[in-house]
Amino acid sequence: MKVAGQSVPRVDGPAKVTGRARYALDLTVPGMTHGAVARSDRAHARILSVDTGEAEAVNGVLEVITGASLAPLDLRFGHVVRDHPALAVDRVLYHGEPVALVVAETRRAAERAARLVSVDYEDLPAVMDADEALGEGAPVLHPERIERTKDEGLDQGGEALVGNLCAAADFGWGDVDAALAAADLVLEGEYRYPMLYGYAMEPYNAIASFEEGSLVVYSTAQHPYMVREDLARIFALPLARVRVVVPYVGGGYGSKSYTKVEPLAALGAYVTGRPVRVALSVEESILTTRSDGARVRARSAFAADGTLLARDFDVVMDSGAYTDNSPVVCAKLANRCFGPYRIGAVRVRVRSAFTNTVPASSLRGFGAPQGNLAGELQMDDAADRLGIDALALRLKNVVRPGEEILPGKRGIDADLPADLDLLTTSLGWPNAPEGRGIGFGISASDAGAHPTSVAMVRLHADGSASAAVGATELGQGSRTVLSQILAEQLGLPMEKVAIVAADTGVTPYERTTGASRTTALVGRSLMAACADAKRRVAELAGEGAEFADAIKAFFGAGGEIIGVGAVRRHGEFRKMPPFWEIGCSGVVAAVDAETGRVRVEQLSTVGDVGFAINPALVHGQDLGAATMGLGAALSEQLVYDGQTLANPNVVDYRVPRCSDIPERLDQILAQRQDGIGPYGAKGAGEGTLNPVGAAVAAAVGRIVGRYPRELPLTPERVWRLAQTEDARV
Amino acid sequence: MSATTITTRINGREQTLRVDNAELLLDLLRDRGLTGAKPSCEMEVCGACTVQLDGLPVSACTTLAVELDGRSVETVEHLDAGGELHPVQQAFLERSALQCGFCTPGMVMTAKALLESNPQPTRDEVTHWLEGSICRCTGYEPIVDAVLTAAQKMAA
Amino acid sequence: MMLPSDFELHRPATVGEAVALRAELGEAAALYAGGTELLLAMKLGVLDYEHLIDLKRIAGLRGVTCAGGELRIGAAVTHRELETHPDVVRELPGLAALERAVANVRVRAAGTLAGNLAFAEPHADPPALLVALGARVVLVGGEGSRELALEDFLVGAYETELGEDELIEAIVVPVGAPGAVYRKFQVLERPAVGVAAVGNLVGGVFDGAPTVVVGAVDERPVRVGAEMLDGAALDDEGAFAALAEAAAEAVEPVDDLSGSEDYKRHLTGVLAKRAVQALGDV
């Protein structure tokens, strides 16, 4: 291989260091107007009336749009359940929900007018806690349930959805109760993982306009084809007449998956006939999407020799006011919580609850970190109690290559024992430096989502080639990696290839840019497209012909040859998941005993990626994801104070800073070419995050003498943990 | 809107402008096509909107446009005006110090301001200077490496 | 967010003109220097003024001078200037170190010390150390000028003794004091606790009780009696434990996102101990 496997420079690098890379927020279209959102100041209330008079009187205001004013349109979107209105119609379900959209000639006028929209509410009882929401007598957020969209890739079934149950996953095997009764050691604990905000630095924004009968939207969406579907439904347009274009995206991490502000911008354009930009602030973005917090009750049963006999997980997710992606997170949390171990008996019950809080949806890791905290900490605790080394305990139970962890699913396409050896060697386990603690853990995520991906390759008359793909460039380096695959497959230098991406009017269908799938799945569809193009060249000009010659011979003047390729749930992609994304991360940490402040001094990760098509990019993903894990481990949490968020800003929601980075970083790559992607690649970008929370907690636990059960490990929480007289978990 | 006439130098070009008093520097720049500086936190915390005002880094999101009067502002777009990337930009590429790129213009301008006031910073000094600039993608280490690399380049 | 409302901008050339404008415009006007606090509040809609009086261009408010055993810091002097000014670095290295860690590099480049003090945000770094050093503020108004101890100038959260027609002309800090250090604990964007200590050690023993002032916890800086350290050695654990207890009792913290009341009390004690111990390193 010439290009694949090389850390070639990012194709978007020069544009990004010079400030010339265009993000949706940097675009303007002629005649563009500005939308600003008036938001609910109640957690749960009936809208009695909306007075838009004062807002309309502001100079420059074109329209003040309310849910009720759009009566013929059904404003609801949602890829699993279509229950999320772009503007509240008769009720608001959380503080911060959009109630009206002001469209004005200037941002200043729109923002001023939005503050003047006056809503008359009748307060309704609110439920802010997920366990309470599932209990008796809680106010029900969605008394009338809407059917699911029956999308094969999204609808995971589960128990009957009544009350505030948004989604549920319930499965298992073996006799858990018998195993618990017979075990030498049973650990039981309740763990809490916070609700988080992805803080992609470019806040949600979109520009929408109706042009010649089509809706054209520029947006920050990670999954433009999913957004296209929602917009087509709302405006009763064929998919062919909705064009969603996604330029460079200023960070995604899952937080920009699915529909956000696009319907608002489109409604503004629909009503005014003018192009409308809706650009949210960070605070408004926090009020748009967060991740699911979780309360995890876990039991693990062990034999005296360390054999993991059974696991029993009961999880309640706080999923906020609307369905959004929580059913999928719920299903994934269930699949990922018990870990990549051989376990004779498993019982998992995850319930996602509606509460009167900001709706939850995807975030990097996607259910994995929530469950991993409990599962891995119980491995560490069990090791202590059984007098077995924590590494040895894991090695005894961890699955070997090819073994299933979910019956009927794809076997593990990774070598976890070898990964654990690499990791613990890097960490110096078990010999922590004086006063320090080591913590580490593993995870396995069923990644790749539903494997649908289409790619198109165009061979040009001058011997260059371009590919059109639906994948978005979120910073992960998709354009670079796909360029490398294109160059490698066609035997071209990087200078002669280009990627056109993420324009539903131009590029072929892509299910999502999420679940760490782009390299593996888009890569494979691109390889298929290259093969198709080469087949056509051979048909036209014989085997071994140069494609430029074939084009010239066939067309005489100009012309091009097009190849298409697709990946679908068929053949080698039949078995789900398309691949497993492994997490294998650990830390060495210190605790300031007097203040409780945790300092992570070393962060080691093993990227079991099959094959690194661009090692520098994988390194960046592994460190970036693990750093996000450190944020959740140490400082990040959205806090509700009564019915409102106490910290909807970057002043009080603390993400990792430069000084938080460990002194020693070791990002190890394990390349065994055991993945389904190009050249044996698998996905990366989320795995290293997933075990970090538990690893930091384990390190802290080893220092202070008892394992924490709740993240983030703020100084105060660690200080209190160290004061506690209770026995260990 | 109340307005003030100002004389300023934007990326080396002297100009006289009429600006609204309440206009923010970030909007003034972005409305003129200089979209390298980005709005993000809008609270002087994240650094995505960093530009150099008379050589010092400032948050353009919380600086009045009228502050340009009699002063000089430089944005990321000006760094390769001579046709070559600035050593800081080169180093960011070499050290893979960017992913989504949204923080990158601010990081580059912050780093450049540091190296202008302290041409040979220690690793700790770079970390301290960048403490007020958020990157959500990279884990910072490549950025710190890039600044140190740029310092070497500029010394050579 | 967030655009400030429209306002008239005034750019007086002299302190006298600024005072006259202040008298004329009254509460409709805000004094404006670095703007790092004011503009943010205006963007958030927390504050709204019809007039801003820009002090930055007044020559008389610029510069740092060192004479007669005092450092005189003009009202338009930024944190960044203090952090790097040779006189400050030489005479008051503890203040230079504090300034070096205020907020972030951009805020330090634009924000002024006088603005910081006048805004009187309780979670600020400078007040504790400046109070411990016996700093004074020079105020000038229609009636002429007056000096107030900073400790008396700061009344409460966002509340000062600044008169309606007055502005801060300078901050005066005595130099030549023994060691001065500031230690803070911060989990979010502003300090949760900051403790300043000023004192002198002779042969590893405190020569007199050090001055200890806690900032960022209460609405204004709080003095902690540290007489137990008079004559104590740096390794006198009993004396430091007593200091920590006194500091913890001196403050009245409130629960917030930086920590709960008892934790912040505890932290105050820890930081007081650490700040005073750090005098041994000066």
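When the residues of the range B:118-139 are filtered to those that are among the small types (Gly, Ala, Ser) and touching a residue at least 40 places away in the same chain (Cβ under 8 Å), which remaining residue is farthest from the other protein chains (Cβ to nearest Cβ)? Don't jump to the end; show me each part of the working.
Applying the first criterion (among the small types (Gly, Ala, Ser)) to the range B:118-139 yields B:132-133, B:139.
Next, from what is left, pick out any that are touching a residue at least 40 places away in the same chain (Cβ under 8 Å): B:132-133.
Values: B:GLY132: 2, B:SER133: 7 Å.
Looking at the filtered set, the residue picked out is B:SER133.
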For B:GLU23, indicate whether it is surrounded by 14 or more Cβ atoms within 10 Å (Cβ to Cβ), at the interface with another protein chain (Cβ under 7 Å from one of its Cβ atoms) and among the acidic types (Asp, Glu).
no
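Given the condition within 30 Å of A:VAL618 (Cβ to Cβ), open to solvent by 30 Å² or more (accessible area, probe 1.4 Å) and either under 26 Å from the mean Cα position of the chain (by Cα) or not hydroxyl-bearing (Ser, Thr, Tyr) (or both), answer yes or no: does some residue in the range A:20-37 qualify?
Filtering the range A:20-37 for residues within 30 Å of A:VAL618 (Cβ to Cβ) gives A:20-26.
Subsequent filtering for residues that are open to solvent by 30 Å² or more (accessible area, probe 1.4 Å) retains A:20, A:22.
Among the residues that remain, those that are also either under 26 Å from the mean Cα position of the chain (by Cα) or not hydroxyl-bearing (Ser, Thr, Tyr) (or both) are: A:20, A:22.
Taking every residue of the range A:20-37 in turn, at least one turns out to be within 30 Å of A:VAL618 (Cβ to Cβ), open to solvent by 30 Å² or more (accessible area, probe 1.4 Å) and either under 26 Å from the mean Cα position of the chain (by Cα) or not hydroxyl-bearing (Ser, Thr, Tyr) (or both).
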Six or more apart or on different chains, Cβ atoms under 6 Å: show the pairs whose first residue is in the range A:424-453 and part of a helix (DSSP H, G or I) and whose second is polar (S, T, N, Q).
A:SER426/A:SER604; A:LEU427/A:SER604
Let me spell it out: the conditions are (1) under 27 Å from C:ASP6 (Cα atoms); (2) not in a loop (DSSP other than H, G, I, E, B), and A:GLY96 meets all of them except one. Which number is the exception?
(2)
Hey, any hits in the range C:185-200 for a residue that's open to solvent by less than 30 Å² (accessible area, probe 1.4 Å), in the same structural domain as C:GLY69 (by TED's automatic domain parsing) and within 13 Å of the chain's Cα centre (by Cα)?
no
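Kindly indicate which of A:GLU488, A:GLU473 is within 14 Å of chain B (Cβ to nearest Cβ) and of a type in the set (D, E, K, R). Break it down stepwise before answering.
Working: A:GLU488 fails: within 14 Å of chain B (Cβ to nearest Cβ).
Sole residue among the options that is within 14 Å of chain B (Cβ to nearest Cβ) and of a type in the set (D, E, K, R): A:GLU473.
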Looking at (1) of a type outside the set (Lys, Arg); (2) surrounded by fewer than 18 Cβ atoms within 10 Å (Cβ to Cβ); (3) free of Cβ contacts under 8 Å to residues at least 12 places away in the same chain, which is the only condition B:THR35 fails?
(2)
It is to be established whether one or more residues within the range A:602-623 are at pLDDT 95 or above and under 20 Å from C:GLY259 (Cβ atoms).
no
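Name the helices (runs of 4 or more DSSP H) wholly inside the range C:50-161 in which the number of residues that are touching a Leu at 6+ places or on another chain (Cβ under 9 Å), open to solvent by less than 10 Å² (accessible area, probe 1.4 Å) and more than 30 Å from B:LEU25 (Cα to Cα) is 1 or more.
Values: elements: C:79-84, C:86-91, C:93-100, C:105-110, C:113-119, C:126-132, C:150-153.
Once the helices (runs of 4 or more DSSP H) in the range C:50-161 are filtered for at least 1 residues that are touching a Leu at 6+ places or on another chain (Cβ under 9 Å), open to solvent by less than 10 Å² (accessible area, probe 1.4 Å) and more than 30 Å from B:LEU25 (Cα to Cα), what remains is C:86-91, C:93-100, C:126-132, C:150-153.
Looking only at residues in the range B:87-108 that are more than 7 Å from every other protein chain (Cβ to nearest Cβ) and crowded, with 24+ Cβ neighbours inside 10 Å, which one is farthest from B:GLY139 (Cα to Cα)? Talk me through it step by step, then tell me what you get.
Restricting attention to the range B:87-108, the residues satisfying the condition of being more than 7 Å from every other protein chain (Cβ to nearest Cβ) are B:87-88, B:90-91, B:94-95, B:97, B:106-107.
Now drop any that are not crowded, with 24+ Cβ neighbours inside 10 Å, which leaves B:88, B:91, B:97, B:106-107.
On the way: B:VAL88: 18, B:ALA91: 17, B:ALA97: 9, B:GLY106: 16, B:MET107: 13 Å.
Restricting to residues being more than 7 Å from every other protein chain (Cβ to nearest Cβ) and crowded, with 24+ Cβ neighbours inside 10 Å, the top hit is B:VAL88.
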Run down B:PRO142, B:PRO57 and say which single residue is open to solvent by less than 10 Å² (accessible area, probe 1.4 Å), within 30 Å of A:GLY198 (Cα to Cα) and at the interface with another protein chain (Cβ under 9 Å from one of its Cβ atoms).
B:PRO57
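Give A:ALA633, A:ALA681 a once-over and let me know the one that is farther than 18 Å from A:MET379 by Cβ, among the small types (Gly, Ala, Ser), under 23 Å from the mean Cα position of the chain (by Cα) and open to solvent by less than 30 Å² (accessible area, probe 1.4 Å). Step through it out loud before you land on a result.
Numbers: A:ALA633 fails: farther than 18 Å from A:MET379 by Cβ.
From the options A:ALA633, A:ALA681, the qualifying one is A:ALA681.
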Look at B:GLY12 and say whether it is more than 8 Å from chain A (Cβ to nearest Cβ), within 15 Å of the chain's Cα centre (by Cα) and in contact (Cβ under 8 Å) with a residue 40 or more places away in the chain.
yes
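For (1) farther than 25 Å from B:PHE102 by Cβ; (2) assigned to a loop (DSSP other than H, G, I, E, B), each residue gets a yes or a no:
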position: A:GLY475; (1), (2): no, yes
position: A:SER516; (1), (2): no, yes
position: A:VAL522; (1), (2): no, no
position: A:ALA531; (1), (2): yes, no
position: A:ARG535; (1), (2): yes, no
position: A:ALA538; (1), (2): yes, no
position: A:GLU543; (1), (2): yes, yes
position: A:ASP549; (1), (2): yes, no
position: A:LYS552; (1), (2): yes, no
Residue check: is A:ALA390 touching a strand residue (DSSP E or B) at 6+ places or on another chain (Cβ under 7 Å) and either among the charged types (D, E, K, R) or open to solvent by less than 20 Å² (accessible area, probe 1.4 Å) (or both)?
no
I'd like the full set of residues that are open to solvent by less than 10 Å² (accessible area, probe 1.4 Å) and under 17 Å from A:LEU634 (Cβ atoms), limited to the range A:554-603.
A:SER585, A:GLY586, A:VAL587, A:VAL588, A:ALA589, A:THR595, A:GLY596, A:VAL600, A:LEU603
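The values are calculated or read from the model by the stated rules, or taken from the named source; none is laboratory data. It should be emphasised that the depicted structure is a prediction, and the values quoted were computed from it without experimental measurement. Note: ideal-geometry Cβ built from the backbone for every residue, glycine included; neighbour counts use all protein chains shown. Surface areas here come from the heavy atoms of the whole protein model, side chains and all, with no ligands, DNA or RNA. Shrake-Rupley method; radii C 1.70, N 1.55, O 1.52, S 1.80 Å.
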